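Asker: What follows is a single structure, and I will ask about it in a moment.
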Ligand code: AMP
Ligand code: ZN
């Protein structure tokens with residue numbers, strides 16, 4: 001059997017995946033910079049990371065994922081001050097929107113979402129360590145990373161250190177490869193920053209963008225972990241700088257596998273907040289599109305290929321999801337007797353095809369093709385002979401397994417279940433507070449939706465009314 005392989009940006013080759021601790025994966029996924037709403041291009045990155053996470057879980061790994069929230073950087077400060085509001089007033093609604101979007105795109109929640117503004121102490125400690133170890137120096141009120149002290153600098157983006165401008169300094173968080181230079185770890189306060197500053201042992205100021213990810217990954221994943229991801233635009237300077245900082249401070253290898261997704265483009269241009277050519281998930285929902293169709297578009301192109309986002313693609317995704325859900329209903333209502341050998345064969349073939357694709361650097365197209373072949377084969381068995389109870393359960397079990405990665409078939413059901421559980425909790429609370437009127441209202445409302453509640457010694461259970 002082939003094992004799981006990833007294309008590692010560091011070595012520019014396919015490598016077999018071996019986690020540091022058997023059975024466990026620790027991964028860091030660069031999250032949103034909350035200065036403007038996240039757009040569909042950003043969600044391509046988060047959907048790729050979701051497929052990665054879900055497939056690792058499918059393979060039996062225990063996953064610890066961290067996704068940072070960059071709520072302080074040049075752009076968040078620029079935009080909050082332009083609006084005349086505090087940094088928090090600017091970023092909080094955007095953070096709320098982000099979580100709403102990932103939920104409706106059925107992106108599984110990471111274990112941790114650390115916000116940069118809540119980890120200033122960790123960043124200060126790391127900058128101090130870099131000063132101590134001779135990788136950083138002070139200039140005025142700011143502190144910079146001296147890239148000439150880190151011979152590996154440039155290895156991720158495959159730049160030669162001789163090409164770098166020795167000794168030049170850059171203050172902004174983002175810059176081009178051509179201007180690679182000593183970058184800011186700590187930015188001394190200037191008037192431009194207004195009320196945004198921290199009084200720390202490094203002085204009055206704020207962190208640079210890159211140190212945020214180094215400090216927060218160390219806190220939640222340790223000095224060394226398995227996988228780090230982001231869009232290709234993160235390779236330089238962001239991830240290059242993260243490596244210099246983390247390895248410079250710890251004196252050991254930071255990350256084993258670097259995975260980067262290609263861009264989502266519109267009319268052959270990268271979708272970007274700065275280009276103004278973007279739309280959000282909400283924009284598409286307002287036009288009547290199902291968020292899960294957006295999810296399907298984002299996941300169905302291999303993550304290292306550019307994805308051209310079109311309305312036709314969205315329609316095709318809708319049709320694909322409908323076909324999968326119709327298949328599920330068809331199987332659920334199928335009856336018949338006797339085990340059918342052909343069902344087992346179809347399952348084995350589908351599992352093999354599904355895993356071969358995803359094992360190969362998450363190449364999802366053959367996996368999706370395997371699922372659709374399975375749909376065709378089982379549908380024809382159902383039409384021909386029907387399905388016995390045990391065959392039906394086997395087919396549904398495997399479909400659920402595929403959907404634990406795809407996340408588009410069984411979603412509605414689980415959403416409804418979560419909703420019912422929430423109402424049951426509210427009813428219990430109302431009863432605890434002796435608010436029987438509200439409690440009864442909730443029971444009646446559920447009943448009108450065909451849900452019957454049963455209070456048992458081990459808690460409230462629910463079942464569907466059979467009509
Ligand atoms: P940002 O909010 O700009 O820090 O970006 C968050 C994530 O989205 C990063 O991993 C970026 O590389 C990624 N990203 C930004 N634009 C696109 C795009 N058009 N297509 C795919 N990924 C993107
Ligand atoms: Zn980052």
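Asker: With a 10 Å Cβ neighbour count serving as the proxy for reagent exposure, in which order, fewest first, do 271, 126, 423 appear?
Answerer: By the 10 Å Cβ count, ascending, the order reads 423, 271, 126.
Asker: I'd like the distance separating the alpha-carbon centroids of region 208-234 and region 8-61, in whole Å.
Answerer: 12
Asker: Over region 5-261, what per residue volume does the convex hull of the Cα atoms give, in whole Å³?
Answerer: On the way: hull volume 30.1 nm³, N = 257.
Enclosed volume per residue, from the Cα hull, is 117 Å³.
Asker: From zero outward in steps of 10 Å, how is the percent of C-alpha pairs of region 418-464 spread across the bins?
Answerer: It works out to 28, 62, 10, in whole percents.
Asker: Go ahead and estimate [θ] at 222 nm for the chain from helices alone: -39,500 (n - 2.57) per DSSP H run with n ≥ 4, summed, over the residue count, rounded to 500. Please report the intermediate quantities before stating the final value.
Answerer: Values: 14 runs with 214 residues, N = 467.
Here the helix-only value at 222 nm equals -15000 deg cm²/dmol.
Asker: Ranked by Cβ crowding within 10 angstrom, fewest neighbours first, how are 214, 274, 157, 268 ordered?
Answerer: Least to most surrounded, the residues fall as 268, 274, 157, 214.
Asker: Over the Cα atoms of region 33-179, Rg to Rh with Kirkwood Rh, two decimal places?
Answerer: Numbers: Rg = 18.6 Å, Rh = 18.3 Å.
Ratio value, two decimals: 1.01.
Asker: Where the convex hull is taken over the Cα atoms of the chain, what is its projected area averaged over directions, in nm²?
Answerer: Mean shadow area of the hull around the Cα atoms is 27.3 nm².
Asker: If I take R0 = 51 Å and measure r between the Cβ atoms of residue 435 and residue 176 in this structure, what FRET efficiency does the formula 1/(1 + (r/R0)^6) give, to the nearest 0.05?
Answerer: Once rounded, the FRET efficiency stands at 0.25.
Asker: Could you order peptides 54-66, 447-459 by the average number of other Cβ atoms within 10 Å of their residues, highest first? Please list the in-between numbers first.
Answerer: Numbers: 54-66: 18.2, 447-459: 10.6.
Taking the mean over residues of other Cβ atoms within 10 Å, the ranking is 54-66, 447-459.
Asker: In addition: For region 323-467, what percent of Cα pairs sit more than 23 Å apart?
Answerer: 52
Asker: Of all beta bridges DSSP finds with both residues in the chain, what is the antiparallel percent, to the nearest 5?
Answerer: The antiparallel fraction comes to roughly 50 percent.
Asker: Quick one: order 285, 408, 196 by neighbouring beta-carbon count within 10 Å, fewest to most.
Answerer: By the 10 Å Cβ count, ascending, the order reads 285, 196, 408.
Asker: Express in nm, to one decimal, how much length is gained between residue 275 and residue 356 on full extension, taking 0.36 nm for each residue of separation and deducting their alpha carbon distance.
Answerer: Working: separation 81, 0.36 × 81 = 29.16 nm, distance 3.78 nm.
The residue 275-residue 356 span can extend by a further 25.4 nm.
Asker: Could you work out how far the C-alpha centroid of region 390-467 sits from that of region 78-148, in angstrom?
Answerer: Spelled out, the Cα-based centre of one part sits 39 Å from the other.
Asker: Right, next: Sort the following peptides by mean Cβ neighbour count (other Cβ atoms within 10 Å, averaged over residues), highest first: 9-21, 300-312. Mind dumping the intermediate values first?
Answerer: Working: 9-21: 13.7, 300-312: 16.7.
Result, highest mean first: 300-312, 9-21.
Asker: Taking 7 Å along the Cα-to-C-beta vector as the label spot, tell me the residue 422-residue 160 distance in nanometres, rounded to one decimal.
Answerer: So the label points at residue 422 and residue 160 sit 5.8 nm apart.
Asker: Along the Cα-to-Cβ line of residue 233, 7 Å from the Cα, sits a label point; which residues in region 47-84 have backbone N less than 20 Å from it?
Answerer: Backbone N within reach: 47-50, 67-80.
Throughout, read-outs are computed from the coordinates displayed, never taken from laboratory work. These numbers were taken from a predicted model, which means no experiment stands behind them. Positions of Cβ are generated from backbone atoms using ideal geometry, with glycine treated the same way; all protein chains shown enter the neighbour counts.
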